[in-house]
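The values are calculated or read from the model by the stated rules, or taken from the named source; none is laboratory data. Source: prediction; values computed, not measured. Virtual Cβ from ideal backbone geometry, glycine too; neighbours counted across all protein chains shown.
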Amino acid sequence: MTVTVVGIGGSIRSDSQSERALRVALEGARELGARTIQYSGPDLVIPFYDPSVPDRTDVATRMVEDLRRCDGVIVVSPGYHGTVSGLVKNALDYIEDLRDDERPYLDGRAVGTITAAYGWQAAVNTLAAVRSIVHALRGWPTPLGSAINSAQVKFDGDGSCSDADVDRNLRVIGRQVAEFALRQAPRPDVN
C-alpha cells in the first residue's frame, strides 16, 4: 500500500533553509515508500484565507485537495519573531476548508513538525506554536519534532545538512509520518 505525505513549508524565498529541511524530511517518508507532494516557496504565496470567500486560486485548490486525500503531513516553518511565519500560517488556515469533511481538518493523520530560525529561542518557540496549531487541527504531532538553529546548521545547494544528527532527525520525522500513515491505512479483510 502506498501512502501520500504532503509537505508544507519554507519561506517566500525559494530554496530557503526551511524548504531544504522539508525536502530532507520528505525524503525520509519516501524511504518507506510514501508518495510525497511539496508546497513551498512561491506555492505558498496565496491570498489571505477568508472563509467567506469561496473562490480559491489553482494552487490553493490543489493544496486543499491534496490535504484532503493525504495520509500524513509535514509542516516546516521559519521562525519569525519567535513564531510561525505568516506564509505558513496562512497555508495552514486553508485547512479550514476541510471542516465539514467526513475526516475533518487533519483528523487521524500524523503531522511532522519542524522549525528553522536564527537562534534557539525563536526555533523552539516556533516549534511549540506549530505543534499547538497541529493539535487545534486534530492532527497527531509525531513524537519527534525538530527545532533547527540556522546559526549553527546549514543546508547546501544539493540539500546536504552540515549536521548529521539534524539530517537523521529530519529523516526520522518523515519516516514517523509514513509509519503512522501505513498503520492507519485501511486493510482489506483477510479470511
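Does at least one position in region 128-136 carry a residue that is in a loop (DSSP other than H, G, I, E, B), in contact (Cβ under 8 Å) with a residue 40 or more places away in the chain and crowded, with 19+ Cβ neighbours inside 10 Å?
No: zero hits.
I need every pair where a residue in region 53-82 that is under 26 Å from T126 (Cβ atoms) has its Cβ under 7 Å from the Cβ of a residue that is among the aromatic types (F, W, Y), sequence separation at least 6 or different chains.
A60/Y94; M63/Y39; M63/Y94; V64/Y94; G72/F180
Between a first residue in region 152-163 that is at pLDDT 85 or above and a second residue that is exposed (fewer than 11 other Cβ atoms within 10 Å of the Cβ), which pairs have beta carbons less than 8 Å apart while being 6 or more apart in sequence or on different chains?
Sorted first by the residue in region 152-163, then by its partner, the pairs are S162/D156.
Identify the single condition in (1) surrounded by fewer than 21 Cβ atoms within 10 Å (Cβ to Cβ); (2) in contact with a helix residue (DSSP H, G or I) (Cβ under 9 Å, 6 or more places away or on another chain); (3) not aliphatic (A, V, I, L, M) that Q176 does not satisfy, given that it satisfies every other one.
If we test Q176 against (1) surrounded by fewer than 21 Cβ atoms within 10 Å (Cβ to Cβ); (2) in contact with a helix residue (DSSP H, G or I) (Cβ under 9 Å, 6 or more places away or on another chain); (3) not aliphatic (A, V, I, L, M), just (1) comes out false.
Does region 149-161 include one or more residues that are hydrophobic (A, V, I, L, M, F, W, C) and under 18 Å from T36 (Cα atoms)? Explain how you work it out, then say what you get.
Going through region 149-161, the residues hydrophobic (A, V, I, L, M, F, W, C) turn out to be 151, 153, 155, 161.
Narrowing the set further to residues that are under 18 Å from T36 (Cα atoms) leaves none.
No: zero hits.
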